[in-house]
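Input: a single structure, listed below in C-alpha cells.
Rule-based calculations on the coordinates, nothing more; no lab input. Just so it is clear, the model here is predicted, and its values are computed rather than measured. Glycine gets a Cβ as well: all are built from the backbone with ideal geometry, and neighbour counts include every protein chain shown.
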Amino acid sequence: MAHLVGDNDRRTGINLARPRLPRFAQEHPEVDLRVVASNDAVDLKREHVDVAIRFATVQMAQPSGEKLFDYRQFPVCAPALATQRRKPLRTPADLAHHVLIDFETILYGRPWYDWQQWFAAQGLHSLKGAGWLRFSHYDQVIEAARKATGVAVGKWPHLSDHLRSGELVAPLGEPGAVTVGAFYLEVADDAQREASDVFLAWLRAEARRDADPLSAVVTPRRAAGRARKS
C-alpha cells in the first residue's frame, strides 16, 4: 500500500488529488492507496508515509523535493455573472461592484484569506468588494461561485476541470493571475518503491496535463461562444 499525505494546507494539496483519485484507482487497481490530510509538516518516517505533497508560499524557503507545479490564483465566477452588462468584469477595479466570496483558513499558525493574498500580490491594498461572503471550506466557496453569488479566488490546477468545462470562467484572464507558491513532492527513503513509483508517475502526468494554466482557462468571451453553439 502507498501512503500519501498532503501537509501544511489540507484544503489545497489534497484537494488537487482527491477528485482525480477515482481515476487512479480505476487505472491502477493493483495499488492500494491511503490518503491523509494534515496542517502539520508530517515526518514521513515516523508516520509511515511514502509520499508527501508539500506546499510553500513564495515567501518561504523552497523545499528540497521535486517541484510538482506552481500554485496560481485568479478571480473566477459563473459565466452569467462575468457577462453582465450592468456590472462588467474586465479589470480589477470592476471587482468593487461584486460580492467577493472568500476562503479563510489557518496556514502555519496564521490566518489566511484568499482575497487578501490576491490583492497584496496585485498591489491592490485599498480595493474592496460590494460585500463579503466567507467560508472555511473551499468546496463551499466554489459552490457559491457556481451559483453566481459572487466572485471567488480560483486556484490552478485545482479548478482545471471547472474551467475547461466552462462551469466557471476567469474574467480577468492572464493579467489577473498571480503565483502565490508551489507544491513539491517528497518521497520517504523507505517508501514502498513499486507502489510509490506508479503513483508518482501518474501524479506527474496529471501535473503535465495542467502545465500551461491559462491556455486552457475559459474566459467570458469563449464561454459566451460556447453558449451560442450549444
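Just to check your reading of the model, which residue among 31, 35 is in a loop (DSSP other than H, G, I, E, B), of a type in the set (A, V, I, L, M, F, W, C) and over 17 Å from the mean Cα position of the chain (by Cα)?
Details: 35 fails: in a loop (DSSP other than H, G, I, E, B).
Only one candidate passes the filter, namely 31.
Kindly provide the set of residues from region 174-194 that are surrounded by fewer than 17 Cβ atoms within 10 Å (Cβ to Cβ) and under 23 Å from residue 102 (Cβ atoms), ordered by number.
The answer is 174, 175, 179.
When residue 155 is evaluated against the numbered criteria (1) among the charged types (D, E, K, R); (2) crowded, with 18+ Cβ neighbours inside 10 Å; (3) more than 19 Å from the chain's Cα centre (by Cα), which criterion, by number, is the only one it fails?
(3)
Could you tell me how many of the residues in region 45-89 are in a loop (DSSP other than H, G, I, E, B), under 20 Å from residue 168 (Cα atoms) and among the small types (Gly, Ala, Ser)? Before you say what the answer is, go through the steps one by one.
Here is the first cut: in region 45-89, the residues in a loop (DSSP other than H, G, I, E, B) are 45-50, 58-65, 78, 83-89.
From what's left, under 20 Å from residue 168 (Cα atoms): 78, 83-89.
With among the small types (Gly, Ala, Ser) added as a condition, the list becomes 78.
Summing the residues that are in a loop (DSSP other than H, G, I, E, B), under 20 Å from residue 168 (Cα atoms) and among the small types (Gly, Ala, Ser) in region 45-89 gives 1.
Is one or more of the residues making up region 63-83 over 23 Å from residue 179 (Cβ atoms), among the polar types (S, T, N, Q) and surrounded by 13 or more Cβ atoms within 10 Å (Cβ to Cβ)? Steps first, answer last, please.
Within region 63-83, the subset over 23 Å from residue 179 (Cβ atoms) is 78-81, 83.
The next check asks that each one be among the polar types (S, T, N, Q); those that pass are 83.
Of the ones still in play, those that are also surrounded by 13 or more Cβ atoms within 10 Å (Cβ to Cβ) are 83.
Looking for residues that are over 23 Å from residue 179 (Cβ atoms), among the polar types (S, T, N, Q) and surrounded by 13 or more Cβ atoms within 10 Å (Cβ to Cβ), one finds at least one in region 63-83, hence yes.
Take the residues in region 166-207 that are in a helix (DSSP H, G or I), among the hydrophobic types (A, V, I, L, M, F, W, C) and in contact with a helix residue (DSSP H, G or I) (Cβ under 8 Å, 6 or more places away or on another chain), then tell me which one is farthest from residue 25 (Cα to Cα). Let's see the steps before the verdict.
Of region 166-207, the ones in a helix (DSSP H, G or I) are 174-176, 193-207.
Now narrow it down to the ones that are among the hydrophobic types (A, V, I, L, M, F, W, C): 195, 198-203, 205, 207.
Retained after the next criterion (residues that are in contact with a helix residue (DSSP H, G or I) (Cβ under 8 Å, 6 or more places away or on another chain)): 199, 202-203.
Values: 199: 10, 202: 11, 203: 12 Å.
It comes out as 203.
Is it the case that residue 32 is surrounded by fewer than 16 Cβ atoms within 10 Å (Cβ to Cβ), of a type outside the set (Lys, Arg) and in contact (Cβ under 8 Å) with a residue 12 or more places away in the chain?
Values: surrounded by fewer than 16 Cβ atoms within 10 Å (Cβ to Cβ): yes; of a type outside the set (Lys, Arg): yes; in contact (Cβ under 8 Å) with a residue 12 or more places away in the chain: yes.
So residue 32 fits the description; yes.
Here are the criteria: (1) under 23 Å from residue 210 (Cα atoms); (2) touching a residue at least 40 places away in the same chain (Cβ under 8 Å). Tell me which single one residue 143 does not satisfy.
(2)
Filter region 111-130 down to the residues that are among the aromatic types (Phe, Trp, Tyr) and either more than 17 Å from residue 93 (Cβ to Cβ) or in contact with a strand residue (DSSP E or B) (Cβ under 6 Å, 6 or more places away or on another chain) (or both) and list them by number. Before the answer, list the steps.
Within region 111-130, the first condition is being among the aromatic types (Phe, Trp, Tyr), and the residues that meet it are 112-113, 115, 118-119.
Answer for region 111-130, where residues must be among the aromatic types (Phe, Trp, Tyr) and either more than 17 Å from residue 93 (Cβ to Cβ) or in contact with a strand residue (DSSP E or B) (Cβ under 6 Å, 6 or more places away or on another chain) (or both): 112, 113, 115, 118.
May I ask you to verify whether residue 109 is without any contact (Cβ under 8 Å) to a residue 12 or more places away in the chain and closer than 25 Å to residue 41 by Cα?
Yes: the conditions hold for residue 109.
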